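In what follows, a single structure is set out as C-alpha cells and then discussed.
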Amino acid sequence: MLPSQAKICTLPELLGKVQEWRSQNQKIVFTNGCFDIVHVGHVDYLERARLLGDKLILGLNTDQSVSRLKGPSRPLQDEMSRQRVMASFWFVDAIVLFDEETPYELIKAVQPDVLVKGDDYTIDTIVGHDLVLERGGEVKTIPLVKGYSTSQVVARILGA
C-alpha cells in the first residue's frame, strides 16, 4: 500500500487513529468538502487549516452526495480519484467519506478540537459548530483565495 492510500479510512479506522492521536495530545482539525477539481484555492485553504493543529481530517463527500449538492453533472471525478488526490497532500492526515447531506454525524463521531471552513461561511452557519463549541473546541474560518472555485475552473475549461 502506498503511504497516501493509508490515509484513506473507514469511520471505524479513523476513530482508531483519532484515539491514538488524542493519547499523544495532538490537536485535531476537521474540515469537509467535495474537492472535485483541486485548485490553488483548495491547496491554500487546506494547508492553512492544517496549521491550526497537529492532524487534519478531511470529510469527503461521496459521489452521490456531490450529485445531490451540485447537480447531476457532478462530480467530474469519482470518489476514489478524489480521495487519492487529496491523500497525496502532506497537510492531509486522514480522509473519510460521508454520504449524508452534511457532515454533522461525522463531526459528532470525530469530536475535533478545531472545526474549519472557508470564510464564505460564518461561524453560526458552519455545520457542527454547536458540537465543537460545546466541547470547548474552536470553530474558525479561513480566507479563501479570490477567483478560485471549482465552478469557475469548469467555466474556464468550457470557455464560458
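Binning the C-alpha pair distances of the stretch 55-160 at 10 Å intervals from 0 yields a P(r) profile of 13, 38, 39, 8, 1 %, listed from the shortest bin outward. Using a probe radius of 1.4 angstrom, the carbon and sulfur fraction of the accessible surface of the chain is 54%. When the Gaussian network model of the chain links Cα atoms closer than 10 Å, the mean-square fluctuations of 113, 99, 124 top out at 124. Which one, 24, 83, 64, has the greatest fluctuation when you compute a Gaussian network model over the chain with C-alpha springs under 10 angstrom? In this elastic network of the chain, the residue with the biggest mean-square fluctuation among 24, 83, 64 is 24. For residue 98, the residues 5 or more places off, or on other chains, whose built amide H falls under 5 Å of its own are 60, 61, 62.
Over the chain, dividing the summed -39,500 (n - 2.57) contributions of all DSSP H runs of at least 4 residues by the number of residues returns a 222 nm mean residue ellipticity of -11000 deg cm²/dmol.
Rounded to the nearest whole Hz, the Karplus-based 3J(HN,Hα) values (6.51 cos²θ - 1.76 cosθ + 1.60, θ = phi - 60°) of the stretch 14-22 follow the sequence 4, 5, x, 5, 4, 4, 5, 4, 5, with x at glycine and proline. Entry note, the stretch 1-131: relative contact order of 33 percent, from Cα contacts under 8 Å with a spacing of 6+ residues. Select from 13, 134, 100 the residue whose mean-square fluctuation is largest in a Gaussian network model of the chain (Cα-Cα springs shorter than 10 Å). Of the options given, 134 has the highest mean-square fluctuation. In the context of the full set of protein chains, residues of the stretch 81-160 present 53 Å² of accessible surface per residue (probe radius 1.4 Å, heavy atoms only).
The values are calculated or read from the model by the stated rules, or taken from the named source; none is laboratory data. All values reported here derive from a predicted model rather than from experimental measurement. Areas reflect the complete protein model, heavy atoms only, side chains present, ligands, DNA and RNA absent. Shrake-Rupley method; radii C 1.70, N 1.55, O 1.52, S 1.80 Å.
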